[in-house]
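None of the figures in this text is laboratory data; all of them are computed from the coordinates on show. Fair warning: this is a prediction, and the values are worked out from it, not measured in the lab. Every residue, glycine as well, gets a Cβ built from its backbone with ideal geometry; the counts of neighbours run over all protein chains shown.
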Amino acid sequence: MFKDILVPLLMGDIPSSALRAGCALARISGGRVTALVGVSQIAPIAEAWAYYPAGVYGSMRDCAAATTQAMADATEDCLKSESVPFQIRQSQEFWSTPAEICIEPARQCDLVVVGTVAGDQREARERLASSVLVASGRPMLVVPASYNAAPGFDKAVIAWKSSRESARALHDALPWLQRMRSVDLLIVDEGPRSSYAQSLDALLIGHLERNQVGAQLVRRSAPAAQAGTVIDIHAQEVGADLLVAGGYSHSRLREQVLGGATRFLMEHASVPTLLAH
């Protein structure tokens, strides 16, 4: 399982669902949770810096440091009740974006756990999560804000397509999948599949079995634009504890403009979703 679990707390709040899920996984695996706390003080116009009085930057740094310390104290209070090893890592990179603050620590862990949120912060949080997912080289567990249960080991759904990202996600999720009671290998077809493609699907089932994962093949049909919705509906119908999917097999720009399964799952998935790029 995952031994080093990073929970970024860089948006001014403590997403309880993400923190609780990270602690539950650490408890199961005998691992440790690292809460990354920090504040971004990016100036909107870099050229304007030269015109600000020098003392302004000192005041901004002091405010950021005080806020970071308050967040660290509040996070420590939350983690003390979880009975897992943890550390609070306070970022001093006040002049970096939240994603820049998070990427290097993410590369030093096994799993990054983030929470979703509705309202005004959704776009900023999705931007942070997508940047870290693409740049860190580490899997990410996205936990819905409304998800109150601890991560379970009853049912998993693998949203499979023949892509590098899906293969990476499947490999990263194997320690978790091996503990599952049952696993669906879900393939959403945009159109008819050739007999050769179907034979490859059967080979993947065999690969999973050799890795102590018993999976059944499930097919659904839908246009590409609706793939994320179909995946999430199936996960709800079977009562999944975990959804596994590749992240951004298309470019992030294309997903931002046209939409895509990754963006939909990041914003709307109803169960914890493990993504990898």
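From helices alone, the chain scores -14000 deg cm²/dmol at 222 nm; the rule is -39500 (n - 2.57) for each run of n ≥ 4 DSSP H residues, then divide by the residue total.
For the chain, the longest principal axis of the Cα atoms and the long axis of helix 16-29 meet at an angle of about 60 degrees.
Principal axis extents of the Cα atoms in the chain, from largest to smallest and rounded to whole angstrom, are 70, 43, 28.
On the basis of the beta-carbon distance and an R0 of 30 Å, GLN69 and ASN148 show a calculated FRET efficiency of 0.55.
Extension gain, GLN198 to ASN211: 0.36 nm times the residue separation minus the Cα-Cα distance gives 2.6 nm. Relative contact order of the chain, taken over Cα pairs closer than 8 Å and 6 or more residues apart, is 20 percent. Under the convention that each Lys and Arg Cβ holds +1 and each Asp and Glu Cβ holds -1, the size of the dipole of the stretch 4-143 around its Cα centre is about 340 debye.
Sequentially through the stretch 223-236, phi angles give Karplus couplings (6.51, -1.76, 1.60; θ = phi - 60°) of x, 4, 5, 9, 4, x, 5, 5, 4, 5, 4, 5, 4, 5 Hz, Gly and Pro residues having no value and appearing as x.
Mean silhouette area of the stretch 155-276, derived from the convex hull of its C-alpha atoms and averaged over all directions, reads 6.8 nm².
Relative to the longest principal axis of the Cα atoms of the chain, the long axis of helix 98-107 makes an angle of roughly 60 degrees.
Of GLY115, LEU128, VAL142, whose Cα points farthest to the positive end of the dipole of the stretch 88-173 (charges on the beta-carbon: +1 Lys, Arg; -1 Asp, Glu; origin at the Cα centre)? Towards the positive end, the residue furthest out is VAL142.
3J(HN,Hα) couplings calculated from phi for the stretch 189-199 with the Karplus curve 6.51 cos²θ - 1.76 cosθ + 1.60 (θ = phi - 60°) are, in sequence order, 8, 7, x, x, 9, 5, 4, 5, 4, 5, 5 Hz; Gly and Pro show x. Computed packing ranks the peptides 136-144, 99-107, 161-169, 61-69 as 136-144, 99-107, 161-169, 61-69, most packed first, by mean other Cβ atoms within 10 Å. Of the beta bridges in the chain, as assigned by DSSP with both residues counted there, near 10 percent are antiparallel.
Stretching the chain fully between GLN178 and ALA224 yields a gain of 13.6 nm (0.36 nm per residue, less the alpha carbon separation). Residue by residue, the stretch 67-83 carries 3J(HN,Hα) couplings of 5, 4, 5, 5, 5, 4, 5, 5, 5, 4, 4, 5, 6, 4, 8, 8, 6 Hz when phi is fed to the Karplus relation 6.51 cos²θ - 1.76 cosθ + 1.60 (θ = phi - 60°); x denotes Gly or Pro.
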